[in-house]
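Remarks on the structure that follows.
What follows is calculated from the coordinates using simple rules that are stated; it is not laboratory data. Only a predicted model underlies this, so the values are computations on that prediction, with no experimental measurement involved. Because the Cβ atoms are built from the backbone with ideal geometry, glycine has one as well, and the counts that use them run over all protein chains shown.
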Amino acid sequence: MSDTVVGVSPEAGAERMARGVARPSLWALVREDYAAHGRDWTKPGFRAIAVYRFGVWRMGVRPKLLRAPLSLLYRALFRRVRNRYGIELPYSAVVGRRVVIEHQSGIVVHGSAVIGDACILRQGVTLGNRTMDRPFDAPVLGRGVNVGAGATILGAVRVGDGAAIGANAVVLCDVPAGATAVGVPARIVERSGAGSEGAR
């Protein structure tokens, strides 16, 4: 894994890196993540996000020569988290504040994915691209999205704020804000304040 943003186009990568400049400090973000994970530093989810935060932060270190040892450390930590806990969260993804990875194992996040503030991911979740001919297409999760265990969200799908994705659902189309999506392929079964809906 080089210092070039992987899994995204050069233009998108530059935008993502620029967005990180105005964010709170590394330690402020890690403290928020620590609190969001129940103040338990041993949780694999917290460790995975802490390594992600470090990976993003070290990209701002200049010159590149000074960044080199930090990049070596990041690569080692990334691989340890991936291989030991089964959580693959590359630094090129965009992850909001207070995101919680509830359980470990089988979690894969595409390098172009966007995860909004206060989202929850559980074991077995995949946020990935749908076809090999569109490698940069990846899901965008709004704020407060709750993703159930084993759920898969593929392609340039947008999941609105406060939506819920049921366990083992396969999401291939957009999910409105406040909606619940279940099934294979996923269908909308409920929206906040709108009662139940039939399958789409």
(request) Have a look at the DSSP beta bridges in the range 10-193 and tell me what percent are antiparallel, nearest 5. (result) 15 percent
(request) Would you kindly derive the ³J(HN,Hα) couplings of the range 33-44 from the backbone phi angles with the Karplus curve 6.51 cos²θ - 1.76 cosθ + 1.60 (θ = phi - 60°), listing them in order in whole Hz, with x for Gly and Pro? (result) 4, 4, 5, 5, 9, x, 6, 10, 6, 7, 5, x
(request) List the residues of the range 85-128 whose backbone N lies under 20 Å from a point placed 7 Å from the Cα of residue 170 along the Cα-to-Cβ direction. (result) 106-110, 122-128
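Based only on other Cβ atoms within 10 Å, what is the fewest-to-most ordering of 170, 184, 157?
Numbers: 170 16, 184 12, 157 20.
Listed from fewest to most nearby Cβ atoms, that is 184, 170, 157.
At 0.36 nm per residue, minus the direct Cα-Cα distance, what do residue 42 and residue 158 gain on full extension? Give it in nm, one decimal, please.
On the way: separation 116, 0.36 × 116 = 41.76 nm, distance 3.18 nm.
Using 0.36 nm per residue and subtracting the Cα-Cα distance, I get 38.6 nm.
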(request) Counting other beta carbons within 10 Å of each Cβ, put 64, 43 in order, fewest first. (result) 64, 43
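For a footprinting-style exposure proxy, rank 117, 33, 40 by other Cβ within 10 Å, fewest first.
Numbers: 117 16, 33 25, 40 9.
The order, fewest Cβ neighbours first, is 40, 117, 33.
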(message) Can you give me the long-range amide H partners of residue 113? Hydrogens built in the peptide plane at 1.01 Å from N, cutoff under 5 Å, separation of 5 or more residues or another chain.
(response) 94
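Based on the alpha carbons, how large is the Rg to Rh ratio for the range 10-193 when Rh follows Kirkwood? Can you show the working numbers first?
Numbers: Rg = 16.1 Å, Rh = 16.6 Å.
With Rg and the Kirkwood Rh in hand, the quotient comes to 0.97.
Residue 184 to residue 97: extension gain in nm, 0.36 nm per residue of separation minus the Cα-Cα distance?
On the way: separation 87, 0.36 × 87 = 31.32 nm, distance 2.98 nm.
That works out to 28.3 nm of additional length.
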